[in-house]
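The values are calculated or read from the model by the stated rules, or taken from the named source; none is laboratory data. Fair warning: this is a prediction, and the values are worked out from it, not measured in the lab. We place every Cβ from the backbone using ideal geometry, glycine too, and count neighbours over all the protein chains shown. Side chains are part of the model used for accessible areas, which takes the heavy atoms of the whole protein and leaves out ligands, DNA and RNA. Shrake-Rupley method; radii C 1.70, N 1.55, O 1.52, S 1.80 Å.
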Amino acid sequence: MIIGEAIQQELHSQERSVAWFARKLNCNRQNVYDIFKRRTIDTELLMRISKVLNKNFFELYNREFIDWRRADRMK
């Protein structure tokens, strides 16, 4: 999972602009584009993004962890 891609997809699905997102996060557009490229992200920033987009991105990590646990048990 690449968290930045998930964030970008959600922003697109909500038909929100990068400029809107940058304003809500109090950063510039280039920072938003940098977020889209991230494989990992700080939890505080992820919480802010989750609130702005009204989507719990932590669930993605939870699902990944559950899948990992299932795979580990099958070994």
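At 7 Å along Cα-to-Cβ for each site, give me the label-to-label distance between ASP67 and GLN9 in nm.
1.0 nm
Just how far, in whole angstrom, is the range 57-73 from the range 38-53 if you go by their alpha carbon centroids?
First find each Cα centre; the distance between them is then 18 Å.
Between helix 43-53 and the chain, what is the angle of the helix's C-alpha long axis to the longest principal axis, kept within 0 to 90° and rounded to the nearest 10?
Around 60 degrees separate the two axes.
Per DSSP H run of at least 4 residues, take -39500 (n - 2.57); add these up for the chain, divide by its residues and hand me the 222 nm value, nearest 500 deg cm²/dmol.
Details: 5 runs with 54 residues, N = 75.
Counting only the DSSP helices, I get -21500 deg cm²/dmol.
Suppose every K and R has +1 on its Cβ and every D and E has -1 on its Cβ; what is the size of the dipole of the chain about the Cα centre, in Debye to the nearest 20?
60 debye
Around ARG38, which amide H atoms from residues at least 5 apart in sequence, or from another chain, sit under 5 Å from its own amide H, with H modelled in the peptide plane?
GLY4
Per-residue accessible area for LYS37 at 1.4 Å probe radius, Å² rounded to 10?
Counting only protein heavy atoms, LYS37 exposes about 150 Å² to solvent.
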